[in-house]
Amino acid sequence: MSQYSQILYEVDGPVATITLNRPEKLNAYTGQMMIEVIDALDQADADDGVRAIIFTGAGERAFCAGADLTPEGGGGPFSSDTKVDDLSDDSVRDGGGRLTLRLFQSTKPLISACNGVAVGVGATMQLPMDFRLASDTARFGFVFARRGIVPEAASSWFLPKIVGISQALEWCMTGRIFDAAEALHGGLVRSVHPADELMGAARMLAMEIAENTSAVSVAMTRAMLWRLSPAAHPMMAHRIDSRAIYRLSKGADAREGIESFLEKRAPDFPGKVTTDMPDFYPWWDEPGFE
C-alpha cells in the first residue's frame, strides 16, 4: 500500500483500489486529494499487473460530499483565491476538471463503487469512469446551481453523453439530491447493490475483464469509444478501426485469443499496455485527429 494522506491505494492481484480517505469530512474533495489520486492513477497505468481500478469512499456514509469549503480544505470556495485578469491563466483551471481529464486519459478500466453521498465533484468525478455501481444508500446531486456556480469537472461534456441531454439538464438545473434508484433509472449508474455487496460486485466486474481480455485491446477500446463516439462523421472511427484491426490482428494477443478459443481454454495474453500499444497510439496527437 502506498502512503498518502487523503487516499488509500491498494493492489490486490490484477485490481487496484483507490479509496478517498477523509471519512471524518465525508471524503470531501481538496487540492491535495486531486494530486494524490492523479499520482495513484499514474502508478496504476505504469503497472502492467493492474488490469482495472476501483474507486470508493472510506466509511459508510459518503463516497465524496463535494468540495471541502472549509479553510482547511484549501481556502476560498470552489476556486483559487488568486485574482487574475487573464482567464487563460493556469490558476483559473478547475481542480475537478484536472482530475477528470486525467481519468479520461487512463489506459485501465475505471469502476466506481459509490458507497454513499456523492454530490458536486463527488458526482462529477465519477463521470469519466467506465462503470458506475452504487449502493442502495447512495445519493447523488449536481448541486451547482444551488450554490450559485455551474457544473464543473468537464461534466457538461461527460454527463449528457451518459444520460442524455434532457436528464442532464433536469439534474443540473434543479440541483436536487436524488437516490440510487433514480440514478439507475436515469442511466447514471450500471447497477444498485446492498451496501455490503457493493465492493464484491465491483471486484467481480473487474475480474471478468482481467481474466478474459487483452490489456492492449481493452486500453484501445476504452480510448476508441470515449474519443470516437463524439466524432462528427463515422469515417473518423473507420480510420482508427482499420489501423487498430490491422496492427493488432498481427500481434501476439490476437494469436493467443484465437488459439485459446480453439483449444477451449482460458487466454493468457502476453501484451502489455506500457510497451505494446500500436504505433499510431495516441492517434489524437496526430494532426487531423483533434
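Read-outs throughout are calculated quantities, based only on the coordinates presented, and are distinct from any laboratory measurement. Since we're looking at a predicted model, the values are computed, not measured. Cβ: placed from backbone, ideal geometry, glycine included. Neighbour counts: every protein chain shown.
Bridgeable lysines around LYS272 (alpha carbons under 21 Å apart, same-chain partners fewer than 8 residues away excluded): LYS108, LYS250. May I ask you to derive the FRET efficiency for ASP196 and GLU263 from their Cβ-Cβ distance with R0 = 22 Å, giving the value to the nearest 0.05? E(calc), rounded to 0.05, equals 0.05.
Residue exposure proxy: SER112, SER229, SER249, ordered by other Cβ atoms within 10 angstrom of their Cβ from fewest to most, comes out as SER229, SER249, SER112. Between ASP179 and THR70, how high is the FRET efficiency from 1/(1 + (r/R0)^6) when r is the Cβ-Cβ distance and R₀ = 25 Å? Nearest 0.05. E between ASP179 and THR70, to the nearest 0.05, is 0.40.
Sorting the segments 123-136, 182-195 by their mean number of nearby beta carbons within 10 angstrom, highest to lowest, gives 123-136, 182-195.
With respect to the chain, whose longest principal axis is taken over its alpha-carbon atoms, helix 165-174 is tilted by about 20°. Of all DSSP beta bridges confined to segment 7-209, the antiparallel ones make up roughly 30%. P(r) tail for the chain: Cα pairs beyond 31 Å make up 31% of the total.
Backbone amide hydrogens, once placed in the peptide plane, bring ALA67 within less than 5 Å of TYR29, VAL121, GLY122, excluding anything fewer than 5 places away on its chain. Using the Cβ-Cβ distance between GLU256 and GLU24 with R0 = 41 Å, the FRET efficiency computed as 1/(1 + (r/R0)^6) comes to roughly 0.30. Put in order of Cβ neighbour count within 10 Å, fewest first, the listed residues LYS161, LYS264 become LYS264, LYS161.
Here's the picture: charge each Lys and Arg Cβ at +1 and each Asp and Glu Cβ at -1 in segment 214-285, and of PHE261, LEU228, MET277 the one pushed furthest to the positive end of that dipole is LEU228. Sorted ascending by nearby beta carbons within 10 Å, beginning with the fewest, LYS25, LYS272 become LYS272, LYS25.
GNM remark for the chain: springs join alpha carbons under 10 Å apart, and the peak mean-square fluctuation among GLU263, GLU197, GLU211 falls on GLU263.
A simple spin-label model places the labels of GLN32 and GLU60 2.7 nm from each other, with each point 7 Å out along Cα-to-Cβ.
Any idea what angle helix 234-249 forms with the longest principal axis of the chain, computed on alpha-carbon atoms, 0 to 90 degrees, nearest 10? Taking the Cα atoms of the chain, the angle to 234-249 is about 50 degrees.
What size of dipole, in debye to the nearest 20, comes out for the chain about its Cα centre when the only charges are +1 on Lys and Arg C-beta atoms and -1 on Asp and Glu C-beta atoms?
In debye, rounded to 20, the chain gives about 660.
Give me the angle, in degrees from 0 to 90, between the Cα long axis of helix 95-104 and the longest principal axis of the Cα atoms of the chain, rounded to the nearest 10. That helix lies at roughly 10 degrees to the long axis.
Distance between the modelled labels on ASP90 and GLN3, one decimal in nanometres: 2.8 nm (7 Å Cα→Cβ projection).
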